[in-house]
Amino acid sequence: MGEDNSHRYLLHDRDSIFVKHLDESIKALGLSILKSPPRSPKANAICERVIGTIRANAWTG
């Protein structure tokens with residue numbers, strides 16, 4: 001996140017709830033989509049831990 005607090009990325013796994021037209025809508029907003037690696041169940045858990053840490057630090061920082 002930069003100085004202007006803008007968001008540049010959306011991170012999601014490869015669940016079927018994230019359909020193609022949703023990804024296209026997100027890209028139209030100017031965000032880049034980062035998907036977790038296929039068949040890597042631990043990757044999502046690691047990403048969620050990092051996001052939780054960032055959120056916790058945002059509240060205290």
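Coordinate-derived values only; no laboratory data. Fair warning: this is a prediction, and the values are worked out from it, not measured in the lab. Every residue, glycine as well, gets a Cβ built from its backbone with ideal geometry; the counts of neighbours run over all protein chains shown.
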Which ones in segment 25-41 are under 15 Å from the mean Cα position of the chain (by Cα), in a helix (DSSP H, G or I) and loosely packed, with under 14 Cβ neighbours inside 10 Å? SER25, LYS27
Residue count for segment 3-24, restricted to those that are assigned to a helix (DSSP H, G or I), surrounded by 10 or more Cβ atoms within 10 Å (Cβ to Cβ) and either of a type outside the set (Asp, Glu) or touching a strand residue (DSSP E or B) at 6+ places or on another chain (Cβ under 9 Å) (or both): 2
Matching residues in segment 42-59 - criterion: being among the charged types (D, E, K, R) and either exposed (fewer than 11 other Cβ atoms within 10 Å of the Cβ) or outside any helix (DSSP H, G or I) (or both): LYS42, ARG49, ARG55
